[in-house]
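Here the structure is laid out as structure tokens; the discussion comes afterwards.
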Amino acid sequence: MVTPNKHRGGGRPGRFRRALVALTAVALVTAGCGSGGEAAEESGPVTLTVSVWNLAATPEFQAVFDAFEKANPDVTVQPVDILAEDYPAKVTTMLAGGDTTDVITMKNVTDYSRYASRGQLADVTDLVKSKQDLKLAGLEAFDVEGKYFAMPYRNDYWVLYYNKKMFDAAGIAHPDKLTWDQYAEIAKKLTKGEGEQKVYGTYHHTWRSVVQAISAAQNDGDQITGDFEFFKDQYEMALDVQKAGATLDFGSAKQASYRTMFETEKTAMMPMGTWYVAGILKNKAEGKTAVDWGIAPMPQKPGASGVTTFGSPTAFAVNKNAKHTATAKKFVEFAAGLEGAKAITKVGVVPSLQSPEITQEYAALEGMPSDELAKTALAPDKTVLEMPVSEHTSDVDTILKEEHELIMVGEKSVEDGIASMRDRVKKVLD
Amino acid sequence: MANAVTEAPRGAPPRGSAQKRRKRRNTLIGWSFILPNFVGFALFTLVPVIAAFALAFLEWDSYSAPEWVGLDNFAEMLEDENFRVALGNTLYYAAGHIPLTLMAALGLAIVLNGKLRGVGFFRTAAFFPYVTSLVAVAVVWRMLFNPTAGPVNQFLAAVGFSDLPTWLSSTDWAMPAVIVTSVWRDMGYYMVLYLAGLQSIPEEYYEAARMDGANAWHRFWHITLPSLRPTTFFVLVMLTIQSFKILDLIVVMTDGGPGRSTLVLAQLVYREGIVEGHFGYSSAIALVLFVIVLSVTVVQFRLNERRNR
């Protein structure tokens, strides 16, 4: 038994070594695949990858892609579709993992500032400078010490959506420049029915901005400083409306879709961003909803002179690890420019580019409310950035969201909630 | 017995290098068998775990060069209110989830171990939640717990309760609601383990006990439970590990809310690391979580050994 073993035993380590060499070779080849990114100038057909969220429900993406492909026949745009709720976390992970998706859509300014400060985005300052003659709303939000790492292509702000039929049936004038008190009163008046049949006067979605960002905008408040006394009136109004049953309670709203609430006519009013216009237009065109809708300016503080609302721009940025950097830059420039703006205007999205031509095209859209009220709503006098950008934005955002929940579900009084916001934010700032 | 077998050749007179070579050959063959599994484990578990341990002493945003900060991350944890809240919530969850799941699983197993008509169907039904997608489970239970339109509160109202809890929108009731959901989901799996344990208990024990006049309770307490000790130990260890690692169910059901009332450690690890990009701090929390789970498990092993003696 021993002798044959002797022979075979000698062969083993050799084979083992060979296997190891093969394994290492495989490992090296696989590793090599990951680092072939830096291409200079592209020629021939290019497949440009762009990260997007909810492609099916967000028609402007496809509109820009189609327009870009038409203008650049040798480019195919391939969307990387991500669930909207997971978008920030997913993109953060992708970028951290060295993903080579060419164009990264910046869903909000907070995440943008983080990616930019980490050096994960390509510098596009030259593009921005070369397009200085264009008026891009919200561009200043992307200024990082004089440099730009993204270019806004759309700029959303909040308006008051309302159901014309319900207002007319109740004999109430359409909501023209209401004060918040008048708004609450109308919301209570328009609430009717019970149980499944109940129609609410208004719908407040669970986002903290519904209360916090609007009161910051209209009271010149700063959501980073730690002093949040200016939230008080807005919270009292929101809680009063909720207590009267004139809006879906916070707990149930957590599970509700604001689109369904408005499109199935479960609510007469709804403060919401202009991004929703595209969604309603699409669903109306496809016959999925019959809601007779209008838009009005956001309600204001008593004695306010003009219309003040809040909003945030959306931008395209070039990934630092992009496979096709040149084409990606071309895309970013295209989307922010006139052609991109025209393309998204057609599906009902408010572009960042401001020009009389675009405004006119937007108002003349098929199915778009064209009354005077809509025109005032679409030309707010002042649009404040939803959340100021600083290195503490995301920490403060988490705290404000948590305390907002506690106030809205009635676990904390407005005073206590605002006090703990202050205490917790001060700790972060120190 | 296993010792005796390996002892025998060792006791034989040494045959020098041939003996050694044969041993090495056997070792290599053995290694080659576990290699495929080990490579996967090493690449996707061992290396990341070791890297995470190292990261706990660094500050790293995943992009710029990591910076050595020593114990700063742990010092930060002591100051961090979020960490304290999450630790408390994790312990609360474990304190509810572990005993309740264990009892539910044992109870189900005993009931379904009998000669019941359609026992196969009921066993499958009890196991079903475990193979259902967790997201579906969480979403459905979230609807059941809806404060106004949810069946749970409608049932409670129908049987005469008033002043009902608002469940997931209440800081006091959100965690119990999550625990109920997770017990419902997990009990089927541990029931199967208990069923296997129950079937290995010889029928003769019960017969003998019955002869001696032991009633059902006595038989359960003095025969079933002690015979199930190895199973209970295994279930307890698995449940403990699973409990402390809870993440997915909470993310879908409450996302840590309302406020921070259901924020757990694993979620804080995710939030600090993946969302905020503080990978060093996040790894430090993960390390603490690991140490907690490890020490609880070690204590369980010690106690089990002592009882086995």
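We did not get these values from a lab; they are worked out from the coordinates using the rules stated. Everything numeric in this text was worked out from a predicted model, so none of it was measured. Note that each Cβ is placed from the backbone with ideal geometry, even for glycine, and that neighbours are counted across all protein chains shown.
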Next on the checklist: Can you compute 3J(HN,Hα) from phi for each residue in the range A:242-257, using the Karplus curve 6.51 cos²θ - 1.76 cosθ + 1.60 with θ = phi - 60°, rounded to whole Hz and x for Gly and Pro?
Outcome noted: 5, 5, 6, x, 8, 9, 4, 5, 3, x, 6, 5, 4, 9, 9, 9
Checklist outcome for this item: Any lysines whose Cα falls less than 27 Å from that of A:K427, other than same-chain ones fewer than 8 residues away, would be A:K232, A:K401, A:K412
Checklist outcome for this item: Computed curve, the protein assembly as shown, Cα-only Debye sum without solvent term, log₁₀ I(q)/I(0) at 0.11, 0.12 Å⁻¹, is -1.32, -1.47
Item to check | Ranking of A:D133, A:D227, A:D102, B:D61 by count of other Cβ atoms within 10 Å, fewest first | outcome: A:D133, A:D227, B:D61, A:D102
Checklist outcome for this item: For chain B, shape from the Cα gyration tensor axes a ≥ b ≥ c, cut at a/c of 1.5 then a/b versus b/c, turns out oblate
Item to check | the range B:74-208 - Rg over Rh from alpha carbon coordinates, Kirkwood radius | outcome: 1.09
Checklist entry - List the aspartates and glutamates whose alpha-carbon lies under 19 Å from that of A:K90, not counting same-chain residues fewer than 8 positions away? => result A:D81, A:D99, A:D102, A:D111, A:D395, A:D397, B:D61, B:D248, B:D255, B:E272, B:E276
Next on the checklist: Would the range B:199-309 count as rounded, prolate or oblate if I go by the C-alpha gyration tensor, calling it rounded below 1.5 in a/c and otherwise prolate when a/b exceeds b/c, oblate otherwise?
Outcome noted: prolate
Item to check | Fewest-first sequence of A:V109, A:V350 by Cβ atoms within 10 Å of each Cβ | outcome: A:V109, A:V350
Next on the checklist: Test of understanding: in a Gaussian network model of chain B with alpha carbons linked when under 10 Å, which of B:S295, B:S243, B:S64 would top the mean-square fluctuation ranking?
Outcome noted: B:S64
Item to check | Estimated Rh, chain A: Kirkwood, alpha-carbon pairs, angstrom | outcome: 23.9 Å
Item to check | Top of B:F145, B:F244, B:F41 by mean-square fluctuation, Gaussian network on chain B, Cα under 10 Å | outcome: B:F41
Checklist outcome for this item: Note: probe point = Cα of A:W207 + 7 Å toward Cβ; backbone nitrogen < 12 Å; residues of the range A:310-337 passing the test are A:310-314
Item to check | Phi to ³J(HN,Hα) by Karplus 6.51 cos²θ - 1.76 cosθ + 1.60 over the range A:136-152, Hz, x for Gly, Pro | outcome: 9, 5, x, 4, 4, 5, 9, 7, 10, 6, x, 10, 10, 10, 7, 10, x
Checklist entry - Averaged over B:255-263, how many beta carbons belonging to a partner chain fall within 10 Å of each residue's beta carbon? => result 6
Item to check | Peptide-level mean, for A:240-252, of C-beta atoms on other protein chains within 10 Å | outcome: 2
Checklist outcome for this item: Given backbone amide H placed at 1.01 Å from N, residues whose amide H is under 5 Å from that of A:I82, ignoring those fewer than 5 places away on the same chain, are A:V52, A:W53, A:N54, A:L55
Checklist entry - Taking the Cα atoms of the range B:122-190, what is the range of coordinates along each of the three principal axes, in descending order and whole Å? => result 36, 24, 18
Item to check | Theoretical ellipticity at 222 nm over chain A - DSSP helices of four or more residues, -39500 (n - 2.57) apiece, nearest 500 | outcome: -14000 deg cm²/dmol
Checklist entry - Once phi is turned into ³J(HN,Hα) by the Karplus curve 6.51 cos²θ - 1.76 cosθ + 1.60 with θ = phi - 60°, what whole-Hz value does each residue of the range A:323-331 show in order, with x for glycine and proline? => result 6, 10, 4, 4, 5, 4, 5, 4, 5
Checklist entry - Pick from A:G340, A:G287, A:G417: which is most flexible by mean-square fluctuation in a GNM of chain A where alpha carbon atoms under 10 Å apart are linked? => result A:G287
Item to check | A:K426-A:E236 FRET efficiency (beta carbon distance; Förster radius 25 Å; 0.05 resolution) | outcome: 0.60
Next on the checklist: Please list, ordered by chain and number, the residues whose modelled amide H lies under 5 Å from the amide H of A:V384; skip anything fewer than 5 residues away on the same chain.
Outcome noted: A:T309, A:F310, A:G311
Next on the checklist: Just to be sure I follow the definition: excluding the sites themselves, where is the longest run in chain A that has none of the GluC sites (Glu not before Pro) in a DSSP loop with at most 16 other Cβ atoms within 10 Å?
Outcome noted: A:42-144
Checklist outcome for this item: When B:M143, A:M368, A:M166, A:M387 are arranged by how many other beta-carbons sit within 10 Å of their Cβ, fewest first, they go B:M143, A:M368, A:M166, A:M387
Item to check | For A:M298, distant residues with modelled amide H under 5 Å away | outcome: A:L160
